[in-house]
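Data block below; observations after.
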Amino acid sequence: MGNVASINQTGTGIRLPNFCNLGVMLRSLVVVNLLLAAAAVLRAPQPQAIWLEFQVLAAFGEPILIMSLVALCAGRRWLHALGYARSIAAVAAFELAAAWVLSQTVGDVFSDRRSLSFPQVAVLVLFATGITIAYFDLRSRALSPAIAEARIQALQARIRPHFLYNSINAVLSLIRSEPRRAERALEDMADLFRVLMADNRTLAPIAAEVELARQYLAIETLRLGERLRVTWKIDSMPSDALVPPLMLQPLVENAVYHGIEPSPGGGEITIEVRATGKQIFMELTNPFPAEGRHASGNRMAIANIRERLQLHFDAEASMHSEVRDGVYRVTIRLPYLTATA
């Protein structure tokens, strides 16, 4: 998929969306057809002629749209290298060229209706292109705060008094009896804070996310001991798959905080990551005690992860959570992307 290590899989800032993405294609189709419908309403001499006017406009708009999506998908790397302003200019030039070709080839399809001159087609095409790009630009800007929010929210979770206090006490209790284990715990805490303070706008290898979750669970094991049991099912996990950072660790933390801590006998957290075709599936389960749960919920973390999945992958990713038979389950589906594929 080319350079997919950043927001919208195209760059670290606001850039053209990834037109190979199914969600982006569908949104483009909806936006352009809405514009064609509006233009048909304005052109129709009477309400009964709106549908026929829409057909006339669609005879130009739909072929241009299809050619544009194919070309933008094929040329995504070249457009990315141009930068945002130049890539928009290149797209506009392509749209005008496609409009000219269509005006010369299908201009007389509807000979009994008012035909569109090339200047009219050019204005219509450029207007539709501008509105579509502006829509994706505004959408990307609206969703981008989720990245910064994820950092702040995760950092706040990490410096909760109960977490920091309990972790430090657990390390202190090991300094004399098991100094090597205490040293590893301090290193895990340092790595945890380092990742949380890093720039989390770019996609990260899933192996790094698993390692971060392991380090967090190792710290929690110091105080929860045998009450915390973890099962990893990652034999089929592709280590090079790219995922939004800080996606797995907050889910693991929720599992500990809301599932293990309130349970007198503790419980088991199961984490499964596997690849199926061109998709990655992640599933996490933990106990969901009927009584004794912490009052605060985990909706903020779930909502934030879902928003970041939408930001990076649009309709190609999904997240579902449910409680059934005393078990809380989170399932995530996202496309299998790598840095070089």
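Restricting attention to the range 283-305, which residues are closer than 21 Å to VAL210 by Cβ and at pLDDT below 85?
Across the range 283-305, the qualifying residues are ASN298, ALA301, ILE302, ASN304, ILE305.
Is there any pair with a first residue in the range 314-337 that is part of a strand (DSSP E or B) and a second that is of a type in the set (Lys, Arg) whose Cβ atoms are under 6 Å apart and which are 6 or more apart or on different chains, and what are they?
If the second residue must be of a type in the set (Lys, Arg), the pairs left are SER318/ARG333; MET319/ARG306; GLU322/ARG329.
Report, by residue number, each residue of the range 70-105 that is in contact with a Ser or Thr (Cβ under 9 Å, 6 or more places away or on another chain) and loosely packed, with under 13 Cβ neighbours inside 10 Å.
If the condition is that a residue be in contact with a Ser or Thr (Cβ under 9 Å, 6 or more places away or on another chain) and loosely packed, with under 13 Cβ neighbours inside 10 Å, then TRP78, ALA81 are the ones that fit.
Hey, does the range 8-19 have a residue that's modelled with pLDDT of 80 or more and under 22 Å from GLY61 (Cβ atoms)?
Yes, there is a match, as at least one residue in the range 8-19 is modelled with pLDDT of 80 or more and under 22 Å from GLY61 (Cβ atoms).
Which numbered condition in (1) modelled with pLDDT of 90 or more; (2) assigned to a loop (DSSP other than H, G, I, E, B); (3) out of contact with any strand residue (DSSP E or B) (no Cβ under 7 Å at 6 or more places or on another chain) is the only one that PRO238 fails?
Here PRO238 clears every test but (3).
Out of the residues in the range 185-209 that are in a loop (DSSP other than H, G, I, E, B) and surrounded by fewer than 16 Cβ atoms within 10 Å (Cβ to Cβ), which is modelled with the lowest pLDDT? Walk me through it before giving the result.
Pass one, the range 185-209, residues in a loop (DSSP other than H, G, I, E, B): 198-203.
Of the ones still in play, those that are also surrounded by fewer than 16 Cβ atoms within 10 Å (Cβ to Cβ) are 198-199.
On the way: ALA198: 62, ASP199: 58.
Once the filter is applied, the top-ranked residue is ASP199.
What are the pairs with Cβ atoms under 7 angstrom where one residue, in the range 221-233, is within 15 Å of VAL252 (Cα to Cα) and the other, located anywhere, is among the charged types (D, E, K, R) and outside any strand (DSSP E or B)? Sequence gap at least six, or different chains.
Note: pairs meeting the criteria are LEU228/GLU220.
Filtering the range 241-263 down to residues that are part of a helix (DSSP H, G or I) and of a type in the set (A, V, I, L, M, F, W, C), which residue is nearest to THR202 (Cα to Cα)?
LEU248
Kindly provide the set of residues from the range 51-61 that are surrounded by fewer than 16 Cβ atoms within 10 Å (Cβ to Cβ) and either touching a strand residue (DSSP E or B) at 6+ places or on another chain (Cβ under 8 Å) or without any contact (Cβ under 8 Å) to a residue 40 or more places away in the chain (or both), ordered by number.
Residue satisfying the conditions is TRP51 alone.
Please list, ordered by first then second residue, the pairs with beta carbon atoms under 6 Å, 6 or more apart or interchain, first in the range 93-104 and closer than 11 Å to ALA71 by Cβ, second at pLDDT 85 or above and buried (at least 20 other Cβ atoms within 10 Å of the Cβ).
Qualifying pairs under 6 Å: GLU95/THR129.
I need the full set of residues from the range 299-333 which are within 10 Å of the chain's Cα centre (by Cα), surrounded by 17 or more Cβ atoms within 10 Å (Cβ to Cβ) and either among the small types (Gly, Ala, Ser) or in the same structural domain as CYS20 (by TED's automatic domain parsing) (or both), in order please.
Of everything in the range 299-333, just one residue is within 10 Å of the chain's Cα centre (by Cα), surrounded by 17 or more Cβ atoms within 10 Å (Cβ to Cβ) and either among the small types (Gly, Ala, Ser) or in the same structural domain as CYS20 (by TED's automatic domain parsing) (or both), namely ALA317.
The values are calculated or read from the model by the stated rules, or taken from the named source; none is laboratory data. Computed from a predicted model, the values in this text were never measured in an experiment. All Cβ positions, even for glycine, are placed from backbone atoms using ideal geometry, and neighbour counts span all protein chains on display.
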